[in-house]
Amino acid sequence: MSYNNIRKAICEFIEYTKSSTQTISNGSTITFNTKRTTGGDGVSIDSSTGIITLNSDRSYWIQGFITFDIPSEGDFKVEFQDSNGNSLTESDGNFPAYFHSEPDRSNSGRPFANRSQLCSLLVKQPSLQYKLVATTVPSNTTVHLSTHLFITESR
């Protein structure tokens, strides 16, 4: 019997943020343009297309913290997809963010306030490029500056 098995790993921590708000609708890719890192990582994001490129020799845990305002009642779903727009499953390491909006009756009947959701992608030795896509969202939803991608990379 063995116990206390450990695997030594070198980890890098990467944070991507936005420098401006983004208005999205169904099918919009959420983009990021500012990177902070502990250094030596294999992550890049194209700020215009939102395509996330990862080093194929490493493992990743990507957490997307999405902060948004929705202008009308409706559902919200954000998920990681491959760069061609194909949906990924849990077995691919994709864990989407879901939100079902309901009117806030305590706020004079106005339906919505600022919300925040979490989605994750867990991949080992990735062979794909990825993007973060709003698959279900009311038109004119605003993604705020407090939206972040936190990435842990290990090798």
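The values are calculated or read from the model by the stated rules, or taken from the named source; none is laboratory data. Every value quoted in this text rests on a predicted model; they were computed, and no experiment measured them. Here the Cβ is made from the backbone with ideal geometry for all residues, glycine too, and neighbour counts use every protein chain on show.
Just a few scattered comments:
- Within the range 37-57, the residues that satisfy the criterion of being of a type in the set (Gly, Ala, Ser) and either over 25 Å from THR136 (Cα atoms) or buried (at least 16 other Cβ atoms within 10 Å of the Cβ) (or both) are GLY39, GLY40, GLY42, SER44, GLY50, SER56.
- For SER20, the criteria (1) crowded, with 16+ Cβ neighbours inside 10 Å; (2) of a type outside the set (A, V, I, L, M); (3) closer than 17 Å to VAL143 by Cα hold in every case but one, which is (1).
- Enumerated strands (runs of 3 or more DSSP E) restricted to the range 1-105, each holding at least 2 residues that are farther than 14 Å from THR147 by Cβ and touching a residue at least 40 places away in the same chain (Cβ under 8 Å): 11-17, 59-69, 75-82
Each row is one residue, and each column tells you yes or no for (1) hydrophobic (A, V, I, L, M, F, W, C); (2) closer than 20 Å to PRO126 by Cα; (3) buried (at least 19 other Cβ atoms within 10 Å of the Cβ).
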{"residue": "ASN4", "(1), (2), (3)": "no, no, no"}
{"residue": "PHE13", "(1), (2), (3)": "yes, yes, no"}
{"residue": "LYS35", "(1), (2), (3)": "no, no, no"}
{"residue": "SER59", "(1), (2), (3)": "no, yes, no"}
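- Single residue of the range 114-134 satisfying the filter (modelled with pLDDT under 95 and assigned to a strand (DSSP E or B)) that is nearest to PRO96 (Cα to Cα): LEU118
- Test for PHE80: is it within 16 Å of the chain's Cα centre (by Cα), crowded, with 17+ Cβ neighbours inside 10 Å and of a type in the set (Phe, Trp, Tyr): yes
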